[in-house]
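Since every read-out is calculated from the coordinates, none of them should be taken as a lab result. As the structure is a computational prediction, the values presented were derived from the model and not from experiment. Using ideal geometry, Cβ is built from the backbone for each residue, glycine included, and neighbour counts are taken over all protein chains shown.
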Amino acid sequence: MTVQSKNSRESSENYSADEFGYYGEYGGRYAPEVLIPALEELENVFIEAKSDASFLSDLESAQKNYIGRPTPLTFLENLSSKLGGAKIYLKNEGLAHTGAHKINHCVGQILLAKRMGKKRIIAETGAGQHGLATASVCARFGMDCHVYMGARDADRQRPNVFWMETLGAQVIPVEHGGKRLKDAVNAAIKDWITNVRDSHYLLGSCLGPHPFPEINRYFQEVVGREIRQQTQTHEGKSPDYIIACVGGGSNAIGAFSEFLAEESVGLIGVEAGGEGEELGSHAARFQGGRIGVVEGYKSYWLQNSDGQIADTSSISAGLDYAGIGPLHALLHDKKRVRYTSATDIEVLEAVKTLAQTEGILSALESAHALVEAIKLAPTLDKSKVIVVNLSGRGEKDLFILGRHLSSDSFREFVARYADELKEL
């Protein structure tokens with residue numbers, strides 16, 4: 001394993017990574033020797049692309065004409081009135097192409113892969129939204145797509161597996177370990193080591209070995225820029241609070257980055273509280289997590305007493321992850337972002353509340369942020385503005401929600417349809 005380090009690891013005022021990929025003491029490039037040339041090539045191409053007018057033009061065109069940016073900022077008039085207190089807005093990334101914020105960095109990385117001459121794409125996915133976005137951009141740009149997904153996640157997010165396969169991707173269920181996102185990441189990295197010459201690993205969050213955290217941050221920052229412009233239009237000022245769910249952390253970093261230097265804007269990240277506080281019952285890294293180096297970077301990880309990565313639990317596959325992106329680790333230590341958590345029960349109630357008051361279907365991941373907004377709004381003056389980054393929409397969670405919220409008629413339909421499929 002190769003590690004790059006330096007004497008001083010203090011990040012700049014805007015919390016960007018230093019030249020070695022560290023945010024303070026977190027991050028870095030802890031990678032097998034065979035991957036170092038690929039990571040260096042990716043870093044160099046990324047640096048060049050950011051200064052290339054042609055690349056930036058292609059990116060802007062894809063954001064507008066393929067992703068569908070800008071996504072709307074929607075005032076939740078009914079919910080705000082019901083709760084009293086602050087106004088709540090949704091930055092509705094669920095209306096982006098493929099239904100979540102993941103498409104932002106997938107478009108950016110596929111353009112980088114094209115620039116490097118790669119023809120084969122590897123990805124990991126938990127909730128399936130990153131896998132769906134990867135499969136979509138691979139289809140558009142004519143690249144071979146291999147998506148690793150924990151077998152447990154593949155079962156509970158079956159609609160996205162179907163769509164990935166329809167788009168031409170090969171979805172590979174990972175049967176070892178906890179059969180979750182962490183195990184899919186490990187399998188994807190092994191594939192990349194084996195096929196590093198012709199493959200690009202399209203990593204799905206602001207984590208992993210340098211330069212991945214900065215690359216995905218760069219392509220997600222469009223969310224925060226739009227939030228600033230849109231709240232100025234709606235309210236004539238910046239938001240007072242921005243709230244986002246935090247798994248690996250890409251949607252939160254995208255929403256927060258524009259405002260990190262603006263101390264008057266409160267930033268809140270919401271982790272998966274799962275079923276309770278006991279280790280193995282949640283995925284809240286800042287509730288008992290310890291610093292460790294796993295999957296190419298240094299950050300907070302949920303670990304057992306032997307230092308092994310602990311099991312996690314969340315109703316949302318996308319937040320069911322034992323580690324957290326390195327910039328989040330620094331923001332936590334610096335107290336620039338307040339991190340909290342929401343339980344599975346609270347999340348289910350938030351999904352219902354948003355649907356029945358505003359006619360908007362939230363992904364289970366995004367509903368974690370909504371839980372915090374519902375708690376916070378009544379405690380604030382009516383002049384205050386909260387923006388919730390609704391990172392994805394909820395159709396993918398049909399069968400999970402069906403298990404918890406559906407009527408008998410829906411269950412009967414599913415059982416009947418399953419019997420009909422058996423007869424085909």
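Quick notes on this structure:
- The calculated FRET efficiency for S61 paired with E395, based on their beta-carbon distance and R0 = 30 Å, is about 0.65.
- Student exercise, the chain dipole from Lys, Arg, Asp, Glu Cβ charges, in Debye to nearest 20: 480 debye
- Residue order for I374, I309, I243, fewest other beta carbons within 10 angstrom first, comes to I309, I374, I243.
- Cα-projected label distance for E175 with E277, points at 7 Å along beta-carbon direction, nm: 4.0 nm
- Two numbers describe the Cα atoms of region 296-424: Rg and Dmax, which are 18.6, 60 Å.
- Amide H contacts of V388: Y89, L90, K91, I243, each under 5 Å away and 5 or more positions distant or on a separate chain (H built 1.01 Å from N in the peptide plane; Pro and chain starts excluded).
- Alpha-carbon centroid distance for the pair region 357-402 / region 171-210, whole angstrom: 30 Å
- Legend: helices of the chain (whole DSSP H runs) are marked when their alpha-carbon atoms reach 15 angstrom or more along the helix axis and their mean Kyte-Doolittle hydropathy is at least 0.5; marked are 364-376.
- Rounded Å value of the spacing that divides the Cα centres of region 286-306 and region 71-113: 30 Å
- Treating r as the C-beta distance of D155 and F75 and R0 as 51 Å, the FRET efficiency rounds to 0.85.
- Cβ screening of the chain for cysteine pairs under 4.7 Å finds these without a partner: C106, C206, C245.
- Of the peptides 396-404, 325-333, the ranking by mean beta-carbon count within 10 Å, highest at the top, reads 325-333, 396-404.
- FRET efficiency, E165 to S406 (Cβ-Cβ, R0 35 Å, nearest 0.05): 0.90
- Model label sites at E19 and I193, defined 7 Å from Cα along the beta-carbon direction, differ in position by 2.9 nm.
- Calculated mean residue ellipticity, 222 nm, the chain: -13000 deg cm²/dmol, from DSSP H runs (n ≥ 4) at -39500 (n - 2.57) each, averaged per residue and rounded to 500.
- Put simply, the amide H of T343, placed in the peptide plane, has neighbours under 5 Å in G273, leaving out anything fewer than 5 places away on its chain.
- Spacing of the two label points (7 Å from each Cα toward its C-beta) at E262 and E48, in nm: 3.5 nm
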